[in-house]
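Read the structure below first, then the notes.
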Amino acid sequence: MIVSVRKWMERLRFLILFLALTYFLVQILGLFSDWITPVDRYREPHGKAVKVFHQNTIIDMENDSFTDQLKLFFWYGE
């Protein structure tokens, strides 16, 4: 069995180059993602925008029937 050192060095060089470029691409995409993502997604809107979701609503699940709870489970997906 003949082992070519030149071929293994080319493969190693390709692997190192591939891993380095992959690492840099992931870092660039991470920076781009941080740049696009808003700092506070749940802040009050400004201008003419209206916030339509109220987190302070309390649903009384104690008195609901099992079918009502099951409907809410499938409706919200939680």
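Rule-based calculations on the coordinates, nothing more; no lab input. Just so it is clear, the structure is predicted and the values come from calculations on it, not from any experiment. Here the Cβ is made from the backbone with ideal geometry for all residues, glycine too, and neighbour counts use every protein chain on show.
At a glance:
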read-out: Inter-label distance, nm, simple model (7 Å from Cα along the C-beta direction), Val39/Val52; value: 2.8 nm
read-out: Estimated inter-spin distance, Leu31 and Phe18, nm [label 7 Å along Cα→Cβ]; value: 2.5 nm
